[in-house]
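The values are calculated or read from the model by the stated rules, or taken from the named source; none is laboratory data. No experiment lies behind these values; they were computed from the predicted model shown. Neighbour counts run over all protein chains shown; Cβ positions are idealised from the backbone, glycine included. Heavy atoms of the whole protein, side chains included, go into the accessibility calculation; ligands, DNA and RNA do not. Shrake-Rupley method; radii C 1.70, N 1.55, O 1.52, S 1.80 Å.
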Amino acid sequence: MTFTYTPAAQLRDVTLRDGLQLTGKPLDTERKVALVRELLALGVPELEIGSMARPDLVPPLADSLAVIAALTPAELAKCWVWVATPRHIEKAAAAGARNFQYCLSASDSHNKANIGRTTEDSVAAMPAAIELTRDCGGTIQLCIATAFTCPFEGVVDPARVLGIAADPRTDGAADIVLADTLGQAVPAQVRQLVESVRAHTPPRRIVYHGHDTWGLGVANTLAAIDAGATLVDGSLGGLGGCPFAPGASGNTATEDLLFATRPDWLTPEILATVVETGESLLADLGEPNRSKTAQGARSKARAFDWVIGEQP
């Protein structure tokens, strides 16, 4: 019997933004552009490809404008860029970007560490960011980081997240991203927050961004999908973390999310290519591969269609 599963959510790969921002070895622009094209060709529906954060604070992403400029409008239609101010949107839009992830933190302490302002200041600036997005014919997401816990303040009250999500100044966002920045949430928390956001804030696509710090990245993501999230984030090999959030480890692995959710475009052959792509990238960066699926794919259980065998 062949097992089939039709997921209620699609994947966004964030290797080229959240994945790379803590790496010690830079990846050149040409390699980044090639990776965008390879992942899109494989069927990954959406990507996060760069950040407008200050280059001196996040050096691995200093060439984000060059990456944007190298891509075609059709490619950029599937790509997102991290922004935190209206000025960021102006710069990214001038390079050709049209999809913007406007990020702020539920906790003031992390927002100040990450963006240099209070959460209220970020919310107050969002209407201008929305207007700039409309002017260029683009789409904007509201991304709420530290939606569950903060490295400086501890557990975040869900009412704080709901207040930001329901604030009229954020109503122009097409999507809302709920980020477990530290990977400390458990499935019941994730399910409850996603359900609350669906029930008590304006209707829009819900995106879940998880980290695998405590080993619950896939479980939390599946809980988010069950509660109504329709886009979920992952990075190759679980690469990533936040330079302004002590204790944040890598993202939930793209390979693991693909194996768990089985989107209709995924085949064993495509998963094998994704695994090999992740292995090559992480080896070049000198980073560990945290993907359990990548490990499983290299097992000797040849009777399982998803196994590709040991590395040559």
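For the range 131-156, name all the residues that are more than 17 Å from Gly183 (Cβ to Cβ) and open to solvent by less than 10 Å² (accessible area, probe 1.4 Å). Explain how you work it out, then say what you get.
Step one: list which residues in the range 131-156 are more than 17 Å from Gly183 (Cβ to Cβ), which gives 131-142.
Hits for the range 131-156 are Thr133, Ile140, Gln141, Leu142.
Per this entry, Ala166 is counted among residues that are open to solvent by 10 Å² or more (accessible area, probe 1.4 Å), of a type in the set (Gly, Ala, Ser) and over 18 Å from the mean Cα position of the chain (by Cα).
Every condition in (1) charged (D, E, K, R); (2) buried (at least 17 other Cβ atoms within 10 Å of the Cβ); (3) free of Cβ contacts under 8 Å to residues at least 40 places away in the same chain is met by Asp180 except one, and the failing one is (3).
Can you go through Ala188, Ala272, Ala229 and tell me which one is touching a helix residue (DSSP H, G or I) at 6+ places or on another chain (Cβ under 9 Å) and either assigned to a loop (DSSP other than H, G, I, E, B) or buried (at least 20 other Cβ atoms within 10 Å of the Cβ) (or both)?
Details: Ala188 fails: either assigned to a loop (DSSP other than H, G, I, E, B) or buried (at least 20 other Cβ atoms within 10 Å of the Cβ) (or both); Ala272 fails: either assigned to a loop (DSSP other than H, G, I, E, B) or buried (at least 20 other Cβ atoms within 10 Å of the Cβ) (or both).
Of the residues listed, the single one that is touching a helix residue (DSSP H, G or I) at 6+ places or on another chain (Cβ under 9 Å) and either assigned to a loop (DSSP other than H, G, I, E, B) or buried (at least 20 other Cβ atoms within 10 Å of the Cβ) (or both) is Ala229.
Being at pLDDT 95 or above and under 18 Å from the mean Cα position of the chain (by Cα) holds for only one residue in Ala159, Ala145, Ala128, and it is Ala145. Screening Arg54, Arg87 for residues that are part of a loop (DSSP other than H, G, I, E, B) and out of contact with any Leu (no Cβ under 7 Å at 6 or more places or on another chain) leaves exactly one candidate, Arg54.
Among the residues of this structure, Ala106 counts as one that is touching a residue at least 12 places away in the same chain (Cβ under 8 Å) and small (Gly, Ala, Ser). Checked against (1) under 21 Å from Thr221 (Cβ atoms); (2) at pLDDT 95 or above, Glu276 meets all criteria but (1). Considering only residues of the range 50-65 that are open to solvent by 50 Å² or more (accessible area, probe 1.4 Å) and of a type in the set (A, V, I, L, M, F, W, C), which is modelled with the lowest pLDDT? Step by step, filter the range 50-65, then rank; the result is Leu57.
Looking only at the range 201-226, residues that are within 20 Å of Asp18 (Cα to Cα), surrounded by 22 or more Cβ atoms within 10 Å (Cβ to Cβ), out of contact with any Ser or Thr (no Cβ under 6 Å at 6 or more places or on another chain) and of a type in the set (Gly, Ala, Ser) come to 1 in all. For Ser249, state whether it is at pLDDT below 95 and touching a Lys or Arg at 6+ places or on another chain (Cβ under 9 Å). Considered against the rule, which asks whether it is at pLDDT below 95 and touching a Lys or Arg at 6+ places or on another chain (Cβ under 9 Å), Ser249 comes out as yes. When you scan the range 219-242, do you find a residue that is touching a Pro at 6+ places or on another chain (Cβ under 7 Å), modelled with pLDDT under 95 and of a type outside the set (Val, Ile, Thr), even just one? No. Does Ala159 satisfy the criteria of being at negative phi and either surrounded by 16 or more Cβ atoms within 10 Å (Cβ to Cβ) or assigned to a loop (DSSP other than H, G, I, E, B) (or both)? Answer is no for this residue.
Please verify whether Arg198 is assigned to a loop (DSSP other than H, G, I, E, B), open to solvent by 20 Å² or more (accessible area, probe 1.4 Å) and basic (Lys, Arg), treating the condition exactly as stated. Here the answer is no, as Arg198 does not meet what is asked.
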